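The values are calculated or read from the model by the stated rules, or taken from the named source; none is laboratory data. Being a predicted model, the structure only gives us computed values, none of them experimental. Cβ coordinates were reconstructed from backbone atoms using ideal geometry, including for glycine residues, and neighbour counts include every protein chain displayed. Side chains are part of the model used for accessible areas, which takes the heavy atoms of the whole protein and leaves out ligands, DNA and RNA. Shrake-Rupley method; radii C 1.70, N 1.55, O 1.52, S 1.80 Å.
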Amino acid sequence: MTPAYSLSQAEQFERDAQLEDAAMAYAGILSRNPRNRRAQTALEGLRKQLNAQCDPSPVHQASLEAALAEGRHFEAADSCGALLKTFRESHFLWDFLGRCHLAAGHLDNAATCLNKAIGLNARAAGTYASMGRVQAARGDLDNAMALFDKALALSTGCLDALHGKAEVLIRQGRSNKAAIMLRKAVDLAPQNAALHLALAGLLKQLGDLAKAKAHYARAVRLNPALTEAHYQLGLLLKGEGAFADALPCFDKVLKANPADDRARTQRLHMLAELNDWRWQPEYADHRRQLGLRGSGCDPSALMLMEDNPDLLRARAQSYASELFAAPELHTAPTSGQRPARLRIGYFFAARSAEDVLEQHGPMLAAHDQERFEIRMYAVGANLPDSAVQAFAGLPCGVTVLDGSATDQMAAAVKADQLDAAVDLSGYSGGDALPLFAARLAPLHIAWPGYPGTMGSAAYDYLICDAAACPPGSERYHNEHLLRLADGCQALAAAAPSATPDRTACGLPEDGFVFCSFAAGSLITPQEFGIWMRLLQGAPDSVLWLLDNGEHAVSNLRRAAAARGVDPDRLVFAPAAPQQDHLARLPLADLFLDTFTVNAAAAARGALSAGLPVLTLPGQQLAARTTASLLQSAGLLELIAASAEDYEAKAAALAADSKAASSLRGKLRSQQQTAALFSPERLARQVESAFDAACERRLQGLPPSHLGEA
């Protein structure tokens, strides 16, 4: 750029009344040529005019605010610094520069600038609010609260103070009061998408999912570029089972940022739930980086994509590194003696209480109360009333931790002086996870509804058995394996009830009924292809599936037709209460398990109802849970050695009604004697495992793999 051009540009700024730009242009000329008289004279005149102004023009202020709002805080700070050479006593610029430093995490610099701004204008509520955020970031919550109150005393409608005070209240465990602050802020600024996003997140935490969804939806209408609102709205819709509605939310995030692995993972999961198998080639395109770059991704969704426990562990570690940033590790005493009663705390997500009761309730009731003191902790909102009543009938009862302030919850738990803390939800629930970053007890044990490694040193042990975690699988887990001899699950046989007619369930009166009540996301073309060949080989047979919505039903019917099977031979069962579902299960002849992730709860229900289950174990823990059930049930003949063996076993049973009847009779007999159907036996084994782990600690030894492989 020539000197003449620079001078011409500066003069044009001056003619257009862009005085700050003109001054900076003349200053730039003088930095290169200090003797330029025209620039010197013009700059002196401009500074006289600008000295009469305290702040830069509204246009420049708006430009700076826009840059900061877009996350360009370093660029904004540089521009602000240049303007301060002219407007040295500008309250706006010092306040703005302080906010730039705050956004960058430079707290000392932020405090210096904001103090300068307060010195220039001690009545500016927004500056006190920004200083409150600095103190909150430093962890000085009391001082932060005082500054927010000062701001609100100056201006009751200071949005930054209302928002900041709400954030501090949440950290203090006062979420209901925080919601009042945020509602007031939203009422004052109903067009502020960021406030709707903040309020939605808090309402979600408090369990008011309907209102949270409404505020997320409002946020995306006000600001379609707010990708976090789209993502969170998608998660809520997913939680409702509205997979077709959730899918576009994740698509919008990916349109704005194709490298967002969190949204990619959820999009693939939604396609899988809809039995839209286009997820497979898309996954293949992204699998090398998915969950391993940027933000970690939900391992409970990623495990659906392929049976690769080494890769799953790496992804779980990436996810855990954010959730458990600095976990308090196991520390062993030099010596000690077992107390008369070991105090064991079981933790689970409150919203998963019914699943926890179904899987663990009988075992919990069977614990030896003389040697073990059992405590249950429900973390988060939405603990069902039915679960409260059920826990009241157990010796352990239940303590509800509202999930709002992790440090306060952890302190309350630590006061109970547990000997071991057991996580029953893992990544399937999530609410209890932040607690396990703190050392709640000398031992942390995972027994998760999520069947896989937690990928974190926050857990010392993982409860399993040799069928689920055979020799050599130690490398797939961050935890030390605590193997139980006779299986790590127990079922109660379903109570006798009237079984409906086949015709009432849309099934043929005669003919073999294959069934699989697995979630839609667990069904892949691999097992579906086998199922279709089984139907072709047994002309009068049908396949009974769970109705996962019209999109999934339509996709599966089309897939059947493409494989030469009449779509009408797929019968879809509507969702039903657990008791009614268990009553109808005996109408089927054989339950067909899924491969990459086993049917889990659905398989347990089938065995409880007396319906044989056929499985093919894979490599990862999630692909071996049904094999663990069958081994504990003494039904090894239903564990296939290969996909070909799986298909051959199912075909043989469909062709031999006596063999199928005999197998059903064996299962009924095993319900009386097998380990799987003895919660008392499981309780004794769990207690022995707790004793072994605690004894090792009391001997001053670190955790180690325990139990027979």
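Things worth noting here:
- Length released on extending from Ser661 to Gln699, taking residue separation times 0.36 nm less the Cα-Cα span: 8.4 nm
- Peptides 345-355, 609-619, ordered by how many other C-beta atoms sit within 10 Å of their residues on average, highest first, read 345-355, 609-619.
- Carbon + sulfur, % of accessible area of the chain - ligands and nucleic acids excluded, 1.4 Å: 51 percent
- Three-way shape call for region 260-404 based on the alpha-carbon gyration tensor, with the a/c threshold at 1.5: prolate
- Charge sum, other residues only, whose C-beta stays under 12 Å from Ala110's C-beta, Lys/Arg counted +1 and Asp/Glu -1: +2
- Between Ala153 and Arg341, the FRET efficiency from the beta-carbon distance, with R0 = 51 Å, is close to 0.45.
- Computed packing ranks the peptides 629-642, 93-106, 405-418 as 93-106, 629-642, 405-418, most packed first, by mean other Cβ atoms within 10 Å.
- Residues in region 146-171 that a label on Leu188 would reach, taking backbone N under 13 Å of a point 7 Å out along Cα→Cβ: 148-166
- Fraction of the pair-distance distribution of the chain above 33 Å, Cα-Cα pairs, percent: 58 percent
- Helix 679-698 axis, angle to the chain major axis (alpha carbon atoms, nearest 10°): 50 degrees
- Label-point gap, in nm, between Asn223 and Ala82 - each point 7 angstrom along Cα→Cβ: 2.6 nm
- Those residues of region 191-217 whose amide nitrogen sits under 12 Å from the label point placed on Glu240, 7 Å along Cα→Cβ: 209-217
- For region 442-543, GluC sites (Glu not before Pro) are listed when DSSP marks them as loop and at most 16 other Cβ atoms sit within 10 Å of their Cβ; the list is Glu509.
- Distance between the pseudo-spin-label points of Ala214 and Gln579 (7 Å out from Cα toward the beta carbon): 3.4 nm.
- Relative contact order (%) - the chain, alpha-carbon pairs under 8 angstrom, separation at least six: 10 percent
- Model label zone, Gln526; criterion: amide N under 16 Å from point 7 Å along Cα-to-beta-carbon; scope region 603-620: 615-620
- Candidate lysines for bridging to Lys649, where Cα separation is under 27 Å - those fewer than 8 sequence places away on the same chain excluded: Lys658, Lys666
- Applying 1/(1 + (r/R0)^6) with R0 = 51 Å to the Cβ-Cβ distance of Asp540 and Arg278 gives a FRET efficiency near 0.95.
- Whether region 184-223 is rounded, prolate or oblate, judged on the alpha carbon gyration tensor where a/c under 1.5 counts as rounded: oblate
- Cleavage-rule hits (trypsin sites (Lys or Arg not before Pro)) in region 267-308: DSSP loop, at most 14 neighbouring Cβ within 10 angstrom: Arg278, Arg288, Arg293
- The length gained on full extension between Gln389 and Arg287, counted as 0.36 nm times the residue separation minus their Cα-Cα distance, comes to 32.3 nm.
- Those lysines that a straight Cα-Cα span of less than 25 Å connects to Lys213, excepting residues fewer than 8 apart in one chain: Lys165, Lys177, Lys184, Lys204, Lys238, Lys252, Lys255
- Overall, the anisotropy analysis places region 345-419 in the oblate class: the square-rooted eigenvalues a ≥ b ≥ c of its C-alpha gyration tensor yield a/c not less than 1.5, with a/b not exceeding b/c.
- Spacing of the two label points (7 Å from each Cα toward its C-beta) at Thr41 and Asp645, in nm: 9.9 nm
- Sorted peptide list for 675-681, 552-558, criterion being average Cβ within 10 angstrom, highest first: 675-681, 552-558
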